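One structure below.
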Amino acid sequence: MVDRSPLVSIVGAGKVGSTLAQRLIEKHLADVVLVDIAVGLPQGIALDLLEARSLEGHDRHICGTNDFADTAGSDVIVITAGLPRKPGMSRDDLIATNARIVVDVTRQAIARSPEAILIVVTNPLDVMAYLAWETAGVPPQQVLGMAGGLDSARLQTFIALELNVDVAEVSALVLGGHGDLMVPLPRYCTVRGVPITELLDEAAIARLVERTRNGGAEIVQLLKTGGAFYAPASATYQMVEAIVHDRARLMPAATYLNGEYGITDLFVGVPCFIDRRGAGKIHELSLTAAERHALHTSAESVRTNLAIARAALENG
């Protein structure tokens with residue numbers, strides 16, 4: 001991607017951000033700047049990870065900071081900052097507070113790295129991706145939301161557990177907003193190319209679909225003090241890797257739609273090619289009438305929440 005070492009800035013040193021930082025440096029993908037408003041938190045995490053370098057056998061650098069000036073020249077900016085879910089909360093309950101946070105950090109980060117690809121992880125993810133794009137004033141291809149990769153990985157895991165097969169044999173696909181109305185597509189979920197519709201009955205598939213939709217909430221209920229972070233960090237890592245190595249990987253992500261799938265002016269999860277330019281060509285799947293309706297229903301939920309977020313921002 002660049003002659004120098006790739007630089008990834010992660011905004012938010014919570015569990016998702018710090019786990020992603022660890023993955024990026026220990027897999028030797030990029031140098032990392034970890035920025036957070038909490039004084040000492042990103043610095044402590046960075047120092048701990050630096051002290052592990054000789055043990056992990058890499059020489060990547062990580063800097064912890066409270067100053068966005070240190071993020072200057074980033075190739076990728078990942079936004080994880082925001083309030084996490086608590087038991088009983090939906091992703092949508094976080095709209096007002098996280099909207100203000102995402103707008104603020106986007107403005108500060110993009111001012112130092114105007115060419116950076118933005119990956120938004122903060123929930124509700126599709127809404128926050130739109131606000132980040134609107135705030136940054138960059139081409140829509142330069143902004144992505146991490147959603148479909150995580151949701152698809154969850155469904156992939158549940159299918160493998162249900163059939164007692166190697167998870168590497170399973171391929172899964174989830175579209176739509178990163179919320180309760182996400183759209184898992186069983187017809188496009190396979191085990192070694194065989195659709196799960198030929199391997200599982202309708203009741204089992206419905207159960208796996210529902211568990212996928214509630215995948216994040218299930219973890220929140222178990223942890224009681226926060227949400228998932230290992231799998232979200234892994235899903236984000238895959239996106240960063242595709243950008244840094246210019247992979248042109250086809251994966252589901254929240255990307256800007258301007259007529260694709262009949263949806264206009266929204267960030268919604270669909271398959272797209274991801275490379276050094278960010279979101280490339282969007283692949284339009286052949287959907288049944290029911291699948292298309294479900295996708296549009298999910299998109300309208302995102303649109304509603306976007307209006308709520310904008311109203312919250314206007315009211316201060």
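The values are calculated or read from the model by the stated rules, or taken from the named source; none is laboratory data. Computed from a prediction, not measured in an experiment: that's the story for all the values here. Backbone-built Cβ (ideal geometry, glycine too); neighbour counts: all protein chains shown.
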Of the criteria (1) among the hydroxyl-bearing types (Ser, Thr, Tyr); (2) within 29 Å of residue 216 (Cβ to Cβ); (3) exposed (fewer than 14 other Cβ atoms within 10 Å of the Cβ), which one residue 74 fails: (3)
Considering residues of segment 27-43 that are of a type in the set (A, V, I, L, M) and under 23 Å from residue 243 (Cα atoms) only, the residue surrounded by the most Cβ atoms within 10 Å (Cβ to Cβ): 34
Filtered residue count, segment 35-65, keeping only those that are assigned to a loop (DSSP other than H, G, I, E, B) and in contact with a strand residue (DSSP E or B) (Cβ under 7 Å, 6 or more places away or on another chain): 2
Top-ranked residue in segment 240-256 [being more than 24 Å from residue 303 (Cβ to Cβ) and either of a type in the set (A, V, I, L, M) or surrounded by 21 or more Cβ atoms within 10 Å (Cβ to Cβ) (or both); ranked as nearest to the chain's Cα centre (by Cα)]: 240
Pick from segment 80-108, criterion modelled with pLDDT of 95 or more, among the aliphatic types (A, V, I, L, M) and touching a helix residue (DSSP H, G or I) at 6+ places or on another chain (Cβ under 6 Å), ranking: nearest to residue 310 (Cα to Cα): 99
Close pairs from segment 104-118: first of a type in the set (S, T, N, Q), partner surrounded by fewer than 24 Cβ atoms within 10 Å (Cβ to Cβ), Cβ under 7 Å, at least 6 apart: 106/135; 106/136; 108/68; 113/72; 113/73
Failed item, numbered, when residue 86 is tested on (1) assigned to a helix (DSSP H, G or I); (2) surrounded by 14 or more Cβ atoms within 10 Å (Cβ to Cβ): (1)
Selection status of residue 80, closer than 27 Å to residue 312 by Cβ, buried (at least 20 other Cβ atoms within 10 Å of the Cβ), of a type in the set (S, T, N, Q) and in contact (Cβ under 8 Å) with a residue 60 or more places away in the chain: yes
One residue from 302, 220, 270 being within 13 Å of the chain's Cα centre (by Cα) and either buried (at least 18 other Cβ atoms within 10 Å of the Cβ) or at pLDDT below 95 (or both): 270
Of residues in segment 166-186 being surrounded by fewer than 19 Cβ atoms within 10 Å (Cβ to Cβ) and modelled with pLDDT of 95 or more, the one nearest to residue 286 (Cα to Cα): 171
Boolean, residue 7 is farther than 30 Å from residue 305 by Cα and touching an Asp or Glu at 6+ places or on another chain (Cβ under 6 Å): yes
Positions within segment 1-18 being β-branched (Val, Ile, Thr), more than 14 Å from residue 75 (Cα to Cα) and surrounded by fewer than 21 Cβ atoms within 10 Å (Cβ to Cβ), in sequence order: none
